[in-house]
Amino acid sequence: MAVRRLDPVLVDRIAAGEVVERPASAVKELVENALDAGASRIEVVLEGGGRRLIRVVDDGLGMSPDDLDLAVERHATSKLPDGDLFAIDTLGFRGEALPSIGAVSRLSIATRQAGAPHGISILVDAGLKHPVRPAALDRGTRVEIADLFFATPARLKFLKTDRAEAQAVADMLKRLAMANPGVRFELGGEGAPALDYPAAPGDPAAALAQRLAQVMGRDFVDNAVPVDAWREEARLTGLAGLPTAHRPTAAAVHLFVNGRPVRDKLLLGAVKGAYADVVPTGRHPALALFVTCPPRLVDVNVHPGKSEVRFRDPGLIRGLVVGALKQAIADAGYRASNTVGAATIDALRAHTGAQPARSWFSGREPARNANWDWRASPAAPAEPGGRPLDVGTASVAGYPQPSAPAAAPAFGFAEAAQAAFAALADPVADARAAEAAPGPDLLARPLGAARAQLHDTYIVAQTQDGVVIVDQHAAHERLVYERLKAERAAQGVARQMLLIPAVVDLDPVEVDRLTEKADLLASLGLVIEPFGPGAIAVSEVPAALASADVPALVRDLADSLEEWGSALALEDRLDHVLATFACHHSVRAGRRMKPEEMNALLREMEATPLSGQCNHGRPTYVELKLADIERLFGRR
């Protein structure tokens, strides 16, 4: 077949298929243009999920008539002033968004610069460009997209419902709002979620926290730790959620590179590695991280939707993310998220059917029956000998009681109730820790003073304003694991020499890659050397992995080096061995502990990083505030 040049309008429609996949893609391009224009307020209006109308209004710099006429031409952009693709410091750069949108819809742009006598507008109807005309408009730009994809009806079949498309726009707008806390974002229109994120003034850290609270919720900010780290010319900032505040999906993992929201495989893998031994399998952390680096260190022109990037030094960025996250989580120490305690209270309410005090009686006190005799109740307390208790004229909960016989017992209702409770107390509860009242110095500690051990498994501690319940096995498991990791870091990894070196056949490229990292692998206990053009000889392995499948380990290492540039497979296996060892050599459930042992465990938890969760990611303790307990019993 003969080669022919495609029609320009068809070329634009083909480009639109890459740039504009759905209404959210079009909104993203327009909002990014507004941000690059210095807008401080951006309003988005949708109709029909974006099919019928998309309107984006901003108060940015606006455009001149010449700029507006050129903006809807292909390969025209203001984002590359010197034409250097490796010095992109704006959000948009492709130069195809506006003409591509205009090729598949009715695109109208009205704009006005500061000081201009009036506004101007232009219309692009299914690729047909109209001349620039005067328009009435304040400073800024208003872009309207009507009947999206009407020129390419086949693409309409791939769109979801109006509600789903509007939700996709809202999700996209949330991510851009996180990266720009100083800008006000609004979303409205028919069927669209109503969003309004006011600009967050103040210093960058406080403004970011305020914006993240608006978008991700106050619970996220309250259960997150700040991240701020440098490595060479790259910086990482943001908030990272505590491990115990994990989520069922990765939807709450938000990553940004130079202000761009991305879903980058390298960064996602780094986050997963940092939380590997503190989040349960199948769960995901919640965080918002911002990587900032010179434009020459990152290529942002590798994806039509600008959702992926490529770093010049992937190992540098991955090391920065993993190291900064691990340090931030470790600095949180024993701290666990307050959602654990809230979930416990909710579980207790669901189990007991308890409700807030006022809802029990619809906001009014129950009518009191003066003729009711509490001693007739099956729950009436009894004397230790089993006789029904007679408390004379004692008043119970304000109810008047019948006159007592002349021979009334000498002890009152409170003493009898305590005796009845003691007789019914769980025999597996060890209250020896409560024999002596704890001093105020212990009550002031974060995890309080041990008061009892229940079921030979759970330590109950008292704080100044609440109760702490500790799983002794889970807590000690984490303490042992952290101690073993510290010893390995200080003393190195013990090696074991193989009687006969293991020869592993590999691709020559993988052999070169492993040989290049031989010194790093030796520091981790694995000694290798080339064995011909396509093989590796392993002479020593870490003592902890002496019984491991050496060929499989080496192949995993080769894959790890190819993808991440580091020996993650070996490090992960060593950590898994230490975690297993810690699990089997920690205080087991069912062991009765002395009061001093329980308090020692609490003090060590307070001093040990990551002690808020065990090696498997489960919480090691639950803290119940006294106010929550009082609400559970209707006292508040």
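The values are calculated or read from the model by the stated rules, or taken from the named source; none is laboratory data. Since we're looking at a predicted model, the values are computed, not measured. With ideal geometry, Cβ positions are generated from the backbone for all residues, glycine too; neighbour counts draw on all protein chains shown.
Observations on the model:
To keep it simple, each residue is scored yes or no on (1) part of a helix (DSSP H, G or I); (2) farther than 17 Å from Val221 by Cα; (3) at pLDDT below 80.
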| position | (1), (2), (3) |
| --- | --- |
| Leu320 | yes, yes, no |
| Leu325 | yes, no, no |
| Ile329 | yes, no, no |
| Thr339 | yes, no, yes |
| Ala343 | yes, yes, yes |
| Leu348 | yes, yes, yes |
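- On the stretch given as the range 447-459, residues that are in contact (Cβ under 8 Å) with a residue 24 or more places away in the chain and either in contact with a His (Cβ under 8 Å, 6 or more places away or on another chain) or surrounded by 15 or more Cβ atoms within 10 Å (Cβ to Cβ) (or both) total 8.
- Taking the criterion of being farther than 23 Å from Glu32 by Cα and in contact (Cβ under 8 Å) with a residue 60 or more places away in the chain, the residues of the range 133-157 that qualify are Ala151, Thr152, Arg155, Leu156.
- Residues in the range 189-229 that are part of a loop (DSSP other than H, G, I, E, B), surrounded by fewer than 19 Cβ atoms within 10 Å (Cβ to Cβ) and in contact (Cβ under 8 Å) with a residue 40 or more places away in the chain: Glu190, Gly191, Ala199.
- Scanning the range 230-251 for residues that are under 13 Å from Leu320 (Cβ atoms) and exposed (fewer than 15 other Cβ atoms within 10 Å of the Cβ) yields Trp230, Glu232, Glu233.
- In the range 154-165 there is no residue matching the filter, namely being crowded, with 16+ Cβ neighbours inside 10 Å, touching a strand residue (DSSP E or B) at 6+ places or on another chain (Cβ under 9 Å) and among the aliphatic types (A, V, I, L, M).
- Every residue from the range 614-636 that is modelled with pLDDT of 85 or more and under 18 Å from Arg478 (Cβ atoms): Pro619, Thr620, Tyr621, Val622, Glu623
- Applying the criterion of being at pLDDT 90 or above and in contact with a helix residue (DSSP H, G or I) (Cβ under 6 Å, 6 or more places away or on another chain) to the residues of the range 121-144, the residue that is nearest to Ser40 (Cα to Cα) is Val143.
- All positions within the range 610-634 that are surrounded by fewer than 18 Cβ atoms within 10 Å (Cβ to Cβ) and in a loop (DSSP other than H, G, I, E, B): His616, Arg618, Phe633, Gly634
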